[in-house]
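Visitor: Please see the structure below; I have some questions.
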């Protein structure tokens, strides 16, 4: 078994691969947005607030 696979197996065995969802507080101004924009904005905020579950995983915006 190569080192990459061994590292992944050890990570899965020692960490919870299904972390608990983090609550998100939404801006009340969102209610004034058109429905498609509101859904997209809230979905983005929700996904950004959730733990990635693995080390080294970041969003593109945080890297720039």
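Visitor: Looking at the stretch 13-36, which of its residues are in a helix (DSSP H, G or I), exposed (fewer than 11 other Cβ atoms within 10 Å of the Cβ) and at pLDDT 90 or above?
Guide: Correct list: 28, 29, 31, 32, 35, 36.
Visitor: Related question: Between a residue in the stretch 1-22 that is within 28 Å of residue 44 (Cβ to Cβ) and any residue that is assigned to a helix (DSSP H, G or I), which pairs come within a Cβ distance under 7 Å, given they are 6 or more apart or on different chains?
Guide: From the stretch 1-22, the pairs are 22/49.
The values are calculated or read from the model by the stated rules, or taken from the named source; none is laboratory data. None of the values given here were measured: they were computed from a predicted structure. Don't worry about glycine lacking a Cβ; one is built from the backbone with ideal geometry, like all the others, and counts go over all protein chains shown.
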